[in-house]
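See below for the structure under consideration.
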Amino acid sequence: MSRESKVLSRILRHEPGLAGLELGPGGWVRIDALLSGMRRAGHRLSRAELERIVAGNDKRRFTISEDGRRIRAAQGHSVAVDLGLPPMVPPETLFHGTARASLDAIWAEGILPGRRRHVHLSPDIETARRVGQRHGRPVVLRVAAARMQAEGHVFWQADNGVWLTGPVAPAYLGY
């Protein structure tokens, strides 16, 4: 991930105040305000460079609105934001990639969102494996998403296909 992409992610997911911004409804900010705020904070980025970052991001972390005037992070926020996503019925099984070193804590406490607002789940094993590799030797856990949803848990699907939910208890996990 490029330096500019990291700064963009930090602003849109964790610290909008770095660019003098507040996230609006749905986590959206005006692109012109974002670029101005980034310039004031010492990060020069043109509209064309921003569009290249968005288009080239392999995880599709960012979404530009249909009218092309606003941008948001698709998911991964640590600041309070309602993305305005409708609750969705998940597939029967979703996947969570993690490091082998995290398994004891996961089996004891479940999957917790940590500093983020939601637990992130992948729609397929390969994506989950790539996520797990970022943290060490990867392990992919199966999440009984349909059972969770039937028992009252809410799921949303972010713009980039990542599934979001609250904490996942160990009873819903398996290999």
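Every read-out reported here was derived from the displayed coordinates using simple, explicitly stated rules and does not represent laboratory data. Predicted, not measured: the structure shown is a model, and the values here were computed from it. Glycine also receives a Cβ, built like all others from the backbone with ideal geometry; neighbour counts cover every protein chain displayed.
Worth pointing out:
- Label-reachable residues, segment 71-95, where backbone N falls under 19 Å from a point 7 Å from LEU18's Cα toward its Cβ: 71-81
- Order of TRP156, TRP28 - criterion: other Cβ atoms within 10 Å of each residue's Cβ, fewest first: TRP156, TRP28
- Modelled spin labels at ASP32 and GLN133, positioned 7 Å past Cα toward Cβ, are 4.2 nm from each other.
- R0 of 25 Å, Cβ-Cβ distance ALA80-ALA41: FRET efficiency to nearest 0.05: 0.70
- Gyration tensor over alpha-carbon atoms, the chain, equivalent ellipsoid semi-axes in Å: 31, 17, 14
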